[in-house]
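Structure first, then comments.
The values are calculated or read from the model by the stated rules, or taken from the named source; none is laboratory data. All figures in this text were calculated on a predicted structure; none of them were measured in a lab. Virtual Cβ from ideal backbone geometry, glycine too; neighbours counted across all protein chains shown.
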Amino acid sequence: MAAHQKTADELVTRMIELAEKNYNCSQIMMILALEQEGRENPGLVRAMSGLGDGCGFFKETCGIMTGAASILAWYAGKGADDETESEKLLPMLEDLGDWFQQEIAAKYSGTRCNDIVGDLVGTESGKQICGTIIFQTFGRVNEILAENGFHQQRDRRIVL
């Protein structure tokens, strides 16, 4: 699969396709990141399922937020003995957290899945809310990565 930067319309279309295939919010975030890099990793996507839907209970941190943090860590974290975690990881995670608080938590009165969608879980209205947040958050993650030099980095093992 070749790397491809999607247009906004292509991104929304792909998000809808993934949701219709029953991927949760965290999985959708990671699949979009993997596809952007021209990669596939079913094991990683499978592991992301534990973060979606507020860790499956709708009472914990939004899976979009945890999925976004996982994408940043995928780029900048330590993944093998011969790798070193980037000194940029913690500031990138803080940037993401600050942004999520200002943009999402302020609008929905919290960062828990239940705070954001509440009784709308599983409804079309709930899916609209989550889709909008996925789109916004994926965009912010890409901005953070670009601001920190990670989108110019094609070999993920190289640490800035």
Is it true that some residue in the range 118-141 is within 20 Å of residue 12 (Cβ to Cβ), more than 15 Å from the chain's Cα centre (by Cα) and touching a residue at least 40 places away in the same chain (Cβ under 8 Å)? yes
Kindly establish whether residue 53 is under 16 Å from residue 137 (Cα atoms) and more than 16 Å from the chain's Cα centre (by Cα). no
So which residues in the range 16-35 are touching a residue at least 60 places away in the same chain (Cβ under 8 Å) and closer than 19 Å to residue 72 by Cβ, if there are any at all? 25, 28, 29, 32, 33
Quick one: in the range 56-90, of everything that is without any contact (Cβ under 8 Å) to a residue 40 or more places away in the chain and surrounded by 13 or more Cβ atoms within 10 Å (Cβ to Cβ), which residue is nearest to residue 22 (Cα to Cα)? 56
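Could you please find all residues in the range 24-40 being assigned to a helix (DSSP H, G or I) and of a type in the set (Gly, Ala, Ser)?
Narrowing the range 24-40 to residues assigned to a helix (DSSP H, G or I): 25-36.
If the condition is that a residue be assigned to a helix (DSSP H, G or I) and of a type in the set (Gly, Ala, Ser), then 26, 33 are the ones that fit.
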So in the range 1-48, with the set limited to residues that are surrounded by fewer than 17 Cβ atoms within 10 Å (Cβ to Cβ) and of a type in the set (Ser, Thr, Tyr), which one is modelled with the highest pLDDT? 13
Hey, which of the helices (runs of 4 or more DSSP H) in the range 41-160, taking only ones fully inside, have at least 1 residues that are touching a Phe, Trp or Tyr at 6+ places or on another chain (Cβ under 8 Å) and aliphatic (A, V, I, L, M)? 42-48, 63-76, 113-117, 124-147
Could you please find all residues in the range 59-79 being at pLDDT 95 or above and over 16 Å from residue 30 (Cβ atoms)? 78
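Answer with yes or no whether residue 124 is of a type in the set (Asp, Glu), out of contact with any Cys (no Cβ under 8 Å at 6 or more places or on another chain) and modelled with pLDDT of 90 or more. Reasoning before the result, please.
Working: of a type in the set (Asp, Glu): yes; out of contact with any Cys (no Cβ under 8 Å at 6 or more places or on another chain): yes; modelled with pLDDT of 90 or more: no.
In short, no.
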